[in-house]
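**Q** The structure is given below, and queries will be raised subsequently.
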């Protein structure tokens, strides 16, 4: 009997039911970098609005939000975002930050992509040499970008024996690539956080629009899903766009890695959302 | 104190039909017969564990049925002995005190705090007897209480049965051991394929059975 | 509060709650089925239920609790109560099945004993419950173990939200995904430890009432 009371107490003591929180669906790459843990507490302190972060792939984040189960999204797949907007599921699309995708692979670089200045040529070299390549295979933003790069290069790697689909998150995919001596496409943040343990080198790390990784915020359309916390989502957007917060985003972990994990965009999109 | 009248009970492939059977206080009724004759079924009907499909069983006072391999609770010997009284709503203290007296009667008072499941075969039957007797039943229904027991335990249990008969309890004893039946029974019934073939007072039943089938069974010549 | 402690306590609380919910329904059902002899259909259903894929259960409850879903109005998606409910569905067949199997072997003996001593059917049932306590302990331990080590349903229904629904298993997945394998291993060991301690407590409590 005592045990039961203890359990009831424990359950009641769990936070987060105190006030309806804002549900933000975002990608694992953003969440796992720790950026949100660094900037969201300030928002909650100022507004009293707690935020719940659900970290999934971009595809799943948009699927959850597209059923009205999240109030806002922070994602990085312009094509999927455009579709989300055209389906009238999202509003207030705003570009918040960018970084870049990197092509990483074994330091020996068997396909010889290290000196390539055109990322499409790098992909073509991998294809021609048949060097192993690990794909996320999971509809994440990174996966969507990888697919569009193969397509732009005019190649179809699916079904080739050297083309592996991991079906897991970025960190696990990097580990897999490291173990297999394979190439993979990664976001900058995840790679910087994990690279000390990996036998992987950044082989294409250039300022190329095709490798631009753009993070956007959308609020879920309250006309379509009347229960969403639209005002709270708007407040969060305003907070994220504030100059001091944008600066904090840019400074996040810069001292540790010597470069910005996220460069603030202040609302100006570089990649077209279409 | 138990009287069965016109009972009929059928299973697939078996039927028991007994027109009249009675056992009086202070009397041991032995039920003998080959395996599958319906002895255990009869006992369960007498004990009220099953209701006969036809006919009636009158019980004046409670009757306790004792299984061939009695179920012992996963508790101490004393708790097992007190179980019947606890079921009747006796306070724990009083039930235990009473049960301890019965454990003494069956020679198990030294085992009171042991787990019942650790007892040997003969001790288990004696514990089950103590548990049954603790509720002061008018009748005891014993289903082969001494099967597979050593001679010392058989002797103890038979002595207990005699003592309870002397105390005025009615006892129905199902047994395969014809010598035991002779030693204990005041009256005997021979059951064959669900029917009473012969019934009568003990010395006559065993020495001069009237029916040739009874004769064959008692002399060990019946093949079934 | 230390976050690891917080996650551990939450795991413990939500798994206990789920086990409790499952036990409230599963124990009586298991005893009842064991006492009256479960038919083939009931047994097949229970045994199949023991192999319910957690991710399928998770998806089912996602759709159920989704704002568009039948119970969306409760606003339970991504909360601990929703996790507890989904997990209880996973523990329920285990608890009912174990209890049924254990009770079945004792049911006839207990019923005969109680009836022969003049007891009622209700008393027979209560005695069966008391006699089955070792099995009940095993059933509860199995249910709890399945629930606390489960990751599929708790991720889909709970969302692995920090300070809200993150539990030990989802934390292990998160740390592994981030490449923090050492942290993941520590959390994994904690998970094993919690499971061990709870099973131990269950056994000690379950057998202490034996007298």
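Each reported figure results from applying straightforward, stated rules to the coordinates on display, with no laboratory input. No experiment lies behind these values; they were computed from the predicted model shown. A quick note on method: Cβ atoms are made from the backbone with ideal geometry, for glycine too, and the neighbour counts reach across all protein chains shown.
**Q** When the helix-only estimate is applied to chain A (DSSP H runs of n ≥ 4, each -39,500 (n - 2.57), divided by the residue count), what is the mean residue ellipticity at 222 nm, nearest 500 deg cm²/dmol?
**A** About -12000 deg cm²/dmol.
**Q** Round to the nearest 10 and give me the degree value, 0 to 90, for the angle of helix A:141-152's Cα axis relative to the longest principal axis of chain A.
**A** Taking the Cα atoms of chain A, the angle to A:141-152 is about 30 degrees.
**Q** Under the rule of -39500 (n - 2.57) per DSSP H run of 4 or more residues, summed and divided by the residues of chain B, what mean residue ellipticity at 222 nm is obtained, to the nearest 500 deg cm²/dmol?
**A** My calculation for chain B gives -11000 deg cm²/dmol from helical runs alone.
**Q** If you fit an axis through the alpha-carbon atoms of helix A:230-241 and take the longest principal axis of the Cα set of chain A, what angle between them do you get, 0 to 90°, nearest 10?
**A** With both axes taken from Cα atoms, the answer is about 50 degrees.
**Q** Provide the packing ranking of B:112-118, C:74-80, i.e. peptides ordered by the mean count of other C-beta atoms within 10 Å per residue, highest first.
**A** Peptide ranking by packing, descending: C:74-80, B:112-118.
**Q** Would you mind calculating the relative contact order of chain B from Cα pairs under 8 angstrom and at least 6 residues apart, reporting the percent as a whole number?
**A** 29
**Q** Could you list the residues of the stretch B:1-44 with an amide nitrogen less than 12 Å from a label point located 7 Å from the Cα of residue B:222 in the Cα-to-C-beta direction?
**A** B:31-39
**Q** A further question on this structure: Please report, largest first and rounded to whole Å, the three semi-axes of the ellipsoid equivalent to the stretch C:29-104, where each semi-axis is the square root of five times an eigenvalue of the C-alpha gyration tensor.
**A** Gyration-tensor ellipsoid for the stretch C:29-104: 30, 11, 10 Å.
**Q** When a footprinting reagent is the concern and you count Cβ atoms within 10 Å, what order do A:37, A:207 take, fewest first?
**A** Arranged by neighbour count, lowest to highest, A:37, A:207 become A:207, A:37.
**Q** Residue by residue through B:132-140, how many Cβ atoms from other chains fall within 10 Å of the Cβ on average?
**A** Per residue, the number of nearby Cβ atoms from other chains is 1 on average.
**Q** Average the reciprocal distances over every distinct pair of alpha-carbons in chain B, invert the result, and give the Kirkwood radius in Å.
**A** For chain B, inverting the mean 1/r across all distinct Cα pairs yields 18.0 Å.
**Q** Give, as ranges by residue number, the residues of the stretch A:141-159 whose backbone N falls under 18 Å from the point 7 Å along Cα→Cβ of residue A:83.
**A** Label zone hits: A:141-152.
**Q** Let me ask something else. Return the average number of partner chain Cβ atoms within 10 angstrom of each residue Cβ along peptide B:62-73.
**A** Mean shielding by partner chains, rounded to a whole number: 4.
**Q** Shifting gears a bit: Express in % the proportion of alpha carbon pairs of the stretch A:37-121 at distances exceeding 21 Å.
**A** Summing the P(r) of the stretch A:37-121 above 21 Å gives 51 percent of all pairs.
**Q** Once Rh for the stretch C:1-62 is found with the Kirkwood sum over Cα pairs, what is the Stokes-Einstein diffusion coefficient at 10 °C and 1.306 mPa s, in µm²/s?
**A** For the chosen part, D equals 112 µm²/s.
**Q** Debye calculation, C-alpha points only, no solvent: report log10 I(q)/I(0) for the stretch A:70-111 at q = 0.17 Å⁻¹, in the same order as the q values.
**A** -0.60
**Q** Let me ask another. Using 7 Å Cα-to-Cβ label points, what is the residue A:46/residue B:195 separation (nm, one decimal)?
**A** Placing both labels 7 Å beyond Cα along the Cβ direction yields 10.1 nm.
**Q** Given a cut-off of 31 Å, what percent of all Cα-Cα pairs of the stretch C:3-208 lie beyond it?
**A** That fraction is 27 percent.
**Q** Average partner chain C-beta neighbours within 10 Å, per residue of A:63-70?
**A** 4
**Q** Further question on the same structure: What is the packing order of peptides B:70-83, A:258-271, taking the mean over residues of other C-beta atoms within 10 Å and listing the highest first?
**A** Descending packing order for the listed peptides: B:70-83, A:258-271.
**Q** Still on this structure, I have one more. How high is the relative contact order of chain A? Use alpha-carbon pairs under 8 Å, at least six apart in sequence, and give a whole percent.
**A** 28
**Q** Kindly state, as a whole number, the per residue volume in cubic angstrom of the convex hull around the alpha carbon atoms of chain A.
**A** Once divided by residue count, the hull of chain A is 162 Å³.
**Q** Right, next: Report, in cubic angstrom per residue, the convex hull volume of the C-alpha atoms of the stretch C:40-158.
**A** 121
**Q** At q = 0.11 Å⁻¹, what base-10 log of I(q)/I(0) does the Debye formula yield for the protein assembly as shown when every alpha carbon is treated as an equal point scatterer in vacuo?
**A** -1.07
**Q** Stokes-Einstein at 25 °C, 0.890 mPa s, Kirkwood radius from Cα pairs: D for the stretch B:72-135 in µm² s⁻¹?
**A** 224
**Q** Turning to a different aspect of this structure: Please report, for the Cα atoms of the stretch A:139-273, the Rg to one decimal and the Dmax as a whole number; what are they, in angstrom?
**A** Both quantities, over Cα of the stretch A:139-273: 17.9, 50 Å.
**Q** Suppose the Debye formula is applied to equal point scatterers at every Cα of the stretch B:1-127; what is log10 I(q)/I(0) at q = 0.14, 0.15 Å⁻¹?
**A** Here the Debye-derived log intensity ratios amount to -0.77, -0.85.
**Q** So if the hydrodynamic radius of the stretch B:91-224 is defined as the Kirkwood radius over C-alpha pairs, what does Stokes-Einstein give as its diffusion coefficient at 20 °C and 1.002 mPa s, in µm² per second?
**A** The Stokes-Einstein estimate is 130 µm²/s.
**Q** Right, something else. Taking 7 Å along the Cα-to-C-beta vector as the label spot, tell me the residue B:113-residue C:47 distance in nanometres, rounded to one decimal.
**A** Calculated label separation equals 4.5 nm.
**Q** Working from Cα positions, state the angle (0 to 90°, nearest 10) between the long axis of helix B:151-166 and the longest principal axis of chain B.
**A** 90
**Q** Another one. Between residue C:55 and residue B:152, what's the calculated FRET efficiency when r is the beta-carbon distance and R0 is 60 Å? Round to 0.05.
**A** Rounded to the nearest 0.05, the efficiency is 0.40.
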